[in-house]
Amino acid sequence: MPPGPDVLPRRALLRTGLAAGLVLGAGGACTGGPPSPELVIAGGVQPGVYINLARSLAAIWQERLGLDRPPRVLDTAGSGQNMQLLTGGAATVAISQVDVAAEVAGAATGPDEPMALARLYDDVTHVVVRRDSGLARLSDLRGRRVSIGPDGSGYQPIALRLLRAAGLDPSVLADPVELGLPDAVTALREDRIDAFFWSGGVPTDGIRELAARTPIRLLELGDALDRTREEFPVYSLATVPANTYGLPGPVACLSVRNALLVRAAMPDDLAESLIRAAFDAQPRVAEASPAAVTIDSRSAIGTQPVPLHPGAVRFYRSTKGY
């Protein structure tokens, strides 16, 4: 019989610590009993949806799984770095865009292969400019100062793909820079850059805060949307609704699914308990970000092309969502 939703049996936790190579704290050596493994979650940048979700999940798992120590949440550049941490064993759980995860999954096999616990929500790629800039479409970025996102983020590859689809090699930009969201927001507000790329849930707190002080617009992506999706079918179309960030009308953008990921080495008992605990506390997960409101057991199985972990499959079958 699978473990209950609230407390994972210690034997499963201990087995997980050995099989998945989780990080064990030094304090357990003095307690007289072996410690449960420490969960390490690769999150993202602040302010951002990834880091908020990671912190919410950490609190839920600490309460419901009876862990000796709170899970650790890592600040990271995003999907690319998260997948490196996960497959390298420095993180137990990671949040990533499925395009980045699928590329890593193609190169990692056996116990290090990334597998999904759930589809979380969809990221929408924003290209943000000041409303008074006169910029309206991707082609207007020629010769401009543009942040394409930091190396290790999931959205830098998307930025480069969109630019090339619009006929703009990055070399035609005046000064392409690799800023994370907080630095990009500050640089745009201070007029040190003309535009920045960002991929995140709608609305993203950092951009909402920027728009409250500096009127912005999102660039129309035009034909670059179709060309990028033709070459990379993992992407979809999305619309940022009117009034989001004070926008006067809706804007068509690119979207990509996000997933909660572990390694294949994680025992089924633990994988099932992690995702069960998250769904049992779904209202709290949704509080972490408006983007998480849409998470449910039926949409959560849509992690393709990244396969679901067998423990997650067992959970979804028990809810008749699979």
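All of the numbers you see were taken from the coordinates with simple rules; none came from a lab. Just so you know, these numbers come straight off a predicted model, no measurement behind them. Note that each Cβ is placed from the backbone with ideal geometry, even for glycine, and that neighbours are counted across all protein chains shown.
One equal scatterer on each Cα of the range 191-251, no solvent, Debye formula: the resulting log10 I(q)/I(0) at q = 0.15, 0.24, 0.25 Å⁻¹ is -0.54, -1.15, -1.20.
Scalar couplings 3J(HN,Hα) for the range 201-209, obtained by applying the Karplus form with A = 6.51, B = -1.76, C = 1.60 to θ = phi - 60°, are x, 10, x, 8, 4, x, 6, 4, 5 Hz; x denotes Gly and Pro.
Helical content alone sets the calculated 222 nm signal of the chain at -10500 deg cm²/dmol, taking -39,500 (n - 2.57) per DSSP H segment of four or more residues and averaging over every residue. Look at the dipole of the range 182-322 built from charges on Cβ: of Val202, Thr214, Val251, the Cα furthest out on the positive end belongs to Val202.
Each of Asp226 and Gln62 was given a label point 7 Å from its Cα along the Cα-to-Cβ line. The distance between the two points is 5.1 nm. Give the percent of DSSP beta bridges with both residues in the chain that are antiparallel, rounded to the nearest 5. About 75 percent, rounded to the nearest 5. Taking Lys and Arg as +1 and Asp and Glu as -1, the other residues whose beta-carbon sits under 11 Å from that of Leu237 total -1.
Structural size metrics of the range 99-169, computed from C-alpha coordinates, are Rg and Dmax of 16.2, 52 Å. Computed about its Cα centre, the charge dipole of the chain is approximately 520 debye, with only Lys, Arg, Asp and Glu carrying charge at their Cβ.
Amide H to amide H distances under 5 Å link Val177 with Val146, Ser147, Ile148, where only residues 5 or more positions off or on other chains count and H is placed in the peptide plane. Comparing the range 166-320 with the 2.2 N^0.38 Å rule of thumb, its C-alpha radius of gyration ratio is 1.27 (two decimals). Taking the three principal axes of the alpha carbon atoms in the range 84-222, the coordinate ranges are 51, 32, 24 Å, sorted in descending order. For the range 234-303, the Cα-based Rg and Dmax, in that order, read 15.7, 49 Å. Could you tell me the distance between the Cα centroids of the range 177-207 and the range 100-176, to the nearest Å? Using only Cα atoms, the two centres lie 13 Å from each other.
Report the far tail of the P(r) of the range 36-118, meaning the percent of Cα-Cα pairs longer than 22 Å. In whole percent, the share of Cα-Cα pairs in the range 36-118 beyond 22 Å is 23.
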